[in-house]
Amino acid sequence: MTDGTNSTREGAGSGTDALGGGGDGVGAPVRHGEWLEIRRHGAVAELVMDRRTAMNAVSTAFARDIAAACAALAADRSVSVTVLSSSHERAFCVGADLKERNSLSDAELTRQRPIARSAYTGVLELPMPTIAAVHGWALGGGFELALSCDLIVADDTAVVALPEVSVGVVPGGGGTQLLPRRVGAARAAELIFTARRVEAEEARELGLVDLRVPAGRARAEALELADRIAVNSPVGLRAAKRALRTGWGTDLRAGLEIEDAAWRTVAFSGDRAEGVAAFNEKRSPRWPGE
């Protein structure tokens, strides 16, 4: 899927970026470790989980690869939107690799913890808008990876849950903090305490996902949504996300100060100058991205 937008980036005629995009932003996929791939679709990057033999269960090595790929994405200013997807036919991600966990001593589990956390914080802290394309199972840490994104597109096969208490732990990838921010404290408590699995229709009704689409359409619809977002200023998108994320939970006065700080980062940018000029000249903007 190529970038179908009308807006362009200046200087996009040659060269290859670190994530495999050629001059037009479309290039060969780049592998990050054994089970992760970054595909470029113009200004959209697709981060594909590809641990097919384990339904993308998050092992120590896989967590390390997710963190490294997210660091590369965060550093690439040519990426306006990131889509998190899965190559497995029946699962987005089934969460932590419990087979690996069962083999770890207490000391090894303690050492593994910051590595596991780095995968979830890597996705959560991506500076550009992020969209999870969910189909099939999104359980435990798999659902937490989706919750770490700004938007979740789920198809009719999706089943989401935070079942950690059923195996004697708690959500450890952000679930206890991210889920109540989506659905409220009481609803999050019910879902976490019961560990129950929620199918796509109810998930949409409860606000666990943002867009429900027909079976097999999650990835395509997520990429189309990403294209619609990516026509806009990359500087503006990052600043808007920063204001949304930082301002959540603060009082109104503090939130407005956060918004003003975001405004000041874009008001004197090249993107703002280009956006205003393009509007007045009745043409599509060519975002410099700075």
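The values are calculated or read from the model by the stated rules, or taken from the named source; none is laboratory data. Keep in mind the model is a prediction, meaning the values are calculated, not measured. Quick reminder, even Gly has a Cβ in these numbers, built from the backbone with ideal geometry, and neighbours come from all protein chains shown. Note: areas computed on protein heavy atoms with side chains; ligands, DNA, RNA excluded. Shrake-Rupley method; radii C 1.70, N 1.55, O 1.52, S 1.80 Å.
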Point to revise | Surface accessible to a 1.4 Å probe, per residue, for the residues of the chain, Å² | key: 48
Practice item. Tally up the carbon and sulfur contribution to the accessible surface of the chain as a whole percent, 1.4 Å probe, everything protein left in place. Key: 55
**Study point:** Compactness of the chain - radius of gyration and Dmax, Cα, Å
**Key:** 19.3, 65
Point to revise | Cα-based helix-to-principal-axis angle, 218-230 vs the chain, degrees rounded to 10 | key: 30
Exercise for review: Show TRP263, TRP35 ordered by accessible area, largest first, where the area counts protein heavy atoms only and the probe is 1.4 Å.
Suggested key: TRP263, TRP35
Revision key, fill the gap. Total charge of the residues flanking VAL153 in space, meaning their Cβ is under 14 Å from its Cβ, with Lys and Arg +1 and Asp and Glu -1, is -3
Point to revise | Extension gain, GLU202 back to ASP106 (0.36 nm per residue minus Cα-Cα distance, nm) | key: 30.8 nm
Review point. Top to bottom by accessible area (1.4 Å), largest first, where do SER105, SER233 land?
Key: SER105, SER233
Review point. Using all Cα-Cα distances in region 118-247, what percent lands in each 5 angstrom bin from 0 up to the longest?
Key: 2, 11, 20, 23, 20, 14, 7, 2, 1, 0
**Study point:** Accessible-area ranking of ARG182, ARG238, largest first, probe 1.4 Å
**Key:** ARG182, ARG238
Review point. Taking Cα atoms, how many degrees apart are the long axis of helix 185-194 and the longest axis of the chain, rounded to 10 and kept between 0 and 90?
Key: 40
Review point. When the helices in the chain are scored as -39500 (n - 2.57) per DSSP H run of 4 or longer and the sum is shared across all residues, what 222 nm value do you end up with, to the nearest 500 deg cm²/dmol?
Key: -13500 deg cm²/dmol
Exercise for review: Could you rank the peptides 124-134, 252-262 by their average count of other C-beta atoms within 10 Å per residue, with the highest value first?
Suggested key: 124-134, 252-262
